[in-house]
Amino acid sequence: MQGLNLQAKENLNSAAAINVYTQVVSLYAGVLSANESLDSLEELKSKVSGVLSKYSLGSRSNPVGYSGLLGLKSILNRIEAIIMK
């Protein structure tokens, strides 16, 4: 009886260790995913900033005018807000 009791406790300890390992792996995967997303957002931010720096109102190459400028600024603000979180 005591042998079975000991085996049950060992199995519980093993299950707890596996559970902790699973949680650590899951959290690590989340961190990797978040870092990848952050890198993508940084790249997108630089592209939008580049377009904004070249954007000029009243130009034939920018037919949407002021609304396009506001849209780009809005996108840039949203990206920066997500990065700051």
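The values are calculated or read from the model by the stated rules, or taken from the named source; none is laboratory data. Source: prediction; values computed, not measured. FYI the Cβ positions are ideal-geometry reconstructions off the backbone, even for glycines, and counts take in every protein chain you see. For accessibility, only protein heavy atoms count, side chains too; no ligands or nucleic acids. Shrake-Rupley method; radii C 1.70, N 1.55, O 1.52, S 1.80 Å.
What to note about this one:
- Among the residues making up the range 11-41, those that are more than 23 Å from the chain's Cα centre (by Cα) and open to solvent by less than 70 Å² (accessible area, probe 1.4 Å) are S14, A15, A16, A17.
- Selected residue (criterion: surrounded by the most Cβ atoms within 10 Å (Cβ to Cβ)) from residues of the range 44-58 that are at pLDDT 90 or above and more than 9 Å from L76 (Cβ to Cβ): L44
- L57 vs. criteria of a type in the set (A, V, I, L, M), on the phi < 0 side of the Ramachandran plot and assigned to a helix (DSSP H, G or I): no
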